[in-house]
Each structure stands twice: as structure tokens, then as C-alpha cells.
Amino acid sequence: MTQVAATRATRPDEVSVNGVIISRAEIAREIQNHHATTPAQAWHAAARALVVRELLLAEADRLDIAARPAAHPDGSRETDEEATIRALLGQEVKVPTADTATCRRHFERHRASFRTDDLFEVAHILIPAAPDDAGGRAEARATAQALLAQILSGEAAFEAMARAHSACPSREVGGSLGQIGRGQTVAEFEAALAALAPGMVHPEPVETRYGFHIVHLAHRIDGRDLPFEAVEPVIAGHLELTAWHIAVRQYLSLLVGRAQIRGVAMDGAASPLVQ
């Protein structure tokens with residue numbers, strides 16, 4: 001069987017919700033909003049999204065719900081369908097407000113998440129080498145070790161060596177990268193910084209996919225724990241949004257359970273509304 005034939009075999013001739021047909025043309029237009037590894041997966045994702053839309057709009061019609069489209073901050077406006085679905089979910093899906101006690105329990109369980117980042121004032125000298133060039137990497141390592149030996153012995157100043165030898169644009173400012181935080185560099189570079197005390201040059205060249213780095217940590221500003229009062233609104237918003245996602249899935253499951261859907265499996269009422 002050819003790939004085209006196999007793909008067609010996985011697509012039913014007709015998708016319908018309570019007798020309302022969702023055309024293949026509608027599904028084809030919707031596919032552009034769904035990323036998938038295969039065309040068949042994208043087709044099914046689009047079909048499920050349109051089934052969910054039909055279920056919600058039909059329920060809003062049954063409940064005689066209508067809404068005026070709202071303006072978005074960027075100046076665009078909701079469509080009539082978007083406004084109707086928003087009003088339906090606002091009426092039918094209720095979630096509890098996260099009180100202070102609930103927020104504090106979350107705060108105590110996830111304290112590490114509520115801390116400012118450590119900051120490092122760093123300079124480096126980059127001796128470049130391609131990841132797949134074994135000979136070039138060996139040569140770059142030897143060059144970095146020789147330069148590092150001169151710096152550690154006091155024969156040469158770090159800034160002067162950076163200006164003369166680094167392949168990074170930071171060479172123009174003596175190798176300085178300014179202040180950087182965690183996650184802004186590759187893992188090997190970050191691990192090297194964590195092992196250094198302020199004022200130190202790393203005793204070995206640091207190898208990354210870019211080549212070899214001679215690393216100097218000038219200053220370090222440790223992060224600090226944020227007080228509960230400063231993050232309570234953020235925690236409350238996170239908990240309420242999570243609860244809303246769960247409630248919407250449950251609501252959609254109810255609608256799916258009492259509907260007659262043909263041509264596509266709903267997979268637990270998965271919905272693009274809550275992805």
C-alpha cells in the first residue's frame with residue numbers, strides 16, 4: 001500500500017457531531033493550526049478540534065448563550081464564535097479561588113522555584129573547534145592550555161590574551177560577557193562557573209561544542225529567596241489556571257459522552273482550548 005493510500009485509509013469519509021457534518025474542506029483549513037509528525041495525525045487533530053468547537057457552539061445555542069466579541073490588547077477582536085465559547089465556559093465551568101492557605105502549601109512544597117537567579121560576572125577566551133573535527137579539537141585544547149598556563153603563572157593578563165586570541169566578539173572588551181544568569185550558557189560552561197570562587201580563573205580549559213574556553217569569574221551575586229507575600233498572586237494564578245484546565249476537560253468529557261460523534265475518536269475529549 002502506498003503512503004498516500006495508507007493515509008487515506010486512516011481518514012473516514014465523513015465526520016459528524018449529532019448529525020452535523022464537518023466537511024473535509026473545513027478540516028483541511030483547520031490543519032494549518034496543528035503541528036504533527038504525520039499528515040494523518042494533523043488531520044485527526046484538526047477534526048477533533050472542529051468536533052469540540054461544534055459541541056461547544058451547539059451547547060451554547062441550547063442554553064441560549066451569546067456574547068459580544070471582546071477586543072484583545074493587540075487591537076484585534078474575537079470572532080463571534082470565540083466570544084460565544086468564552087461566555088459558555090464562563091457560565092458553565094467554575095473553579096475555586098486559591099486561598100492563602102492553599103497558596104502557602106504550594107509555596108512550601110516548591111520553595112526552590114521562588115528564588116531569584118544567581119548572577120555571574122564572567123569573562124572568557126574562546127579557542128574555537130568544530131564538534132566533529134577531532135584533530136582541530138586536539139589542537140584547540142593544546143592552544144587553550146598554553147594560554148591558560150601563561151595567565152595562571154602571571155606572565156600574561158587575561159584581558160590582553162582575550163583581545164589577542166579569543167574567537168568570541170567579547171574579545172573587544174577583554175573577553176567580558178557582563179552579567180549572565182543560569183540557563184543563558186551551555187551546561188558545561190555553567191557547571192564551570194558554579195565551581196569557581198569570585199576572582200578565580202578555571203584551572204582547566206572548559207570544553208563545549210564551540211571549542212575550549214578559558215573562564216574567569218569576576219563577581220558572583222547569589223540569588224535570594226522571595227517572600228511568600230511577593231509571589232502569592234503568581235501562585236494563585238497558576239493554581240486557578242491549572243484547575244480551570246482540568247474543569248474544562250471534564251466539561252468536554254460530559255459533552256462528548258452524551259453526543260453522537262462519527263468519524264473521529266475523541267481520546268478523552270482532548271481539546272486545543274486547554275493545551
In the stretch 264-271, is there at least one residue being outside any loop (DSSP other than H, G, I, E, B), touching a residue at least 24 places away in the same chain (Cβ under 8 Å) and either surrounded by 15 or more Cβ atoms within 10 Å (Cβ to Cβ) or in contact with a His (Cβ under 8 Å, 6 or more places away or on another chain) (or both)? no
The stretch 128-146 residues that are under 19 Å from E204 (Cβ atoms), paired with ones that are part of a helix (DSSP H, G or I) (beta carbon under 6 Å, 6 or more apart): A129/G136; A129/R137; A129/A140
Members of the stretch 64-83 found to be surrounded by 12 or more Cβ atoms within 10 Å (Cβ to Cβ) and either touching a residue at least 24 places away in the same chain (Cβ under 8 Å) or closer than 18 Å to R29 by Cβ (or both), listed by number: I65, D80, E81, E82
Is there a residue in the stretch 194-206 that is touching a Pro at 6+ places or on another chain (Cβ under 8 Å) and under 17 Å from A130 (Cα atoms)? no
Residue satisfying all of: in the stretch 102-136; among the charged types (D, E, K, R) and in a strand (DSSP E or B); surrounded by the most Cβ atoms within 10 Å (Cβ to Cβ) among these: E121
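Table: residues versus (1) part of a helix (DSSP H, G or I); (2) at positive phi; (3) touching a His at 6+ places or on another chain (Cβ under 9 Å).
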site	(1), (2), (3)
L152	yes, no, no
E155	no, no, no
A162	yes, no, yes
A167	no, no, no
S170	yes, no, yes
T185	no, no, no
A191	yes, no, no
Would you pick out the residues in the stretch 247-261 that are out of contact with any Ser or Thr (no Cβ under 8 Å at 6 or more places or on another chain), in contact (Cβ under 8 Å) with a residue 24 or more places away in the chain and within 26 Å of A101 (Cα to Cα)? A247
Only one of (1) surrounded by 15 or more Cβ atoms within 10 Å (Cβ to Cβ); (2) under 29 Å from L152 (Cα atoms); (3) more than 22 Å from the chain's Cα centre (by Cα) fails for G199. Which number is that? (1)
With respect to T143, determine if the residue is hydroxyl-bearing (S, T, Y) and either closer than 30 Å to L226 by Cα or surrounded by fewer than 12 Cβ atoms within 10 Å (Cβ to Cβ) (or both). no
For the stretch 217-258, how many residues are touching an Asp or Glu at 6+ places or on another chain (Cβ under 9 Å) and open to solvent by less than 90 Å² (accessible area, probe 1.4 Å)? 9
What are the pairs with Cβ atoms under 7 angstrom where one residue, in the stretch 182-208, is of a type in the set (D, E) and the other, located anywhere, is exposed (fewer than 13 other Cβ atoms within 10 Å of the Cβ)? Sequence gap at least six, or different chains. none
Determine if the stretch 21-33 includes at least one residue that is crowded, with 16+ Cβ neighbours inside 10 Å, modelled with pLDDT of 90 or more and more than 33 Å from the chain's Cα centre (by Cα). no
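The values are calculated or read from the model by the stated rules, or taken from the named source; none is laboratory data. Nothing here was measured: the structure is a model prediction, and the numbers come from that model. Neighbour counts run over all protein chains shown; Cβ positions are idealised from the backbone, glycine included. All accessible areas refer to the heavy atoms of the entire protein, side chains included, with ligands and DNA or RNA removed. Shrake-Rupley method; radii C 1.70, N 1.55, O 1.52, S 1.80 Å.
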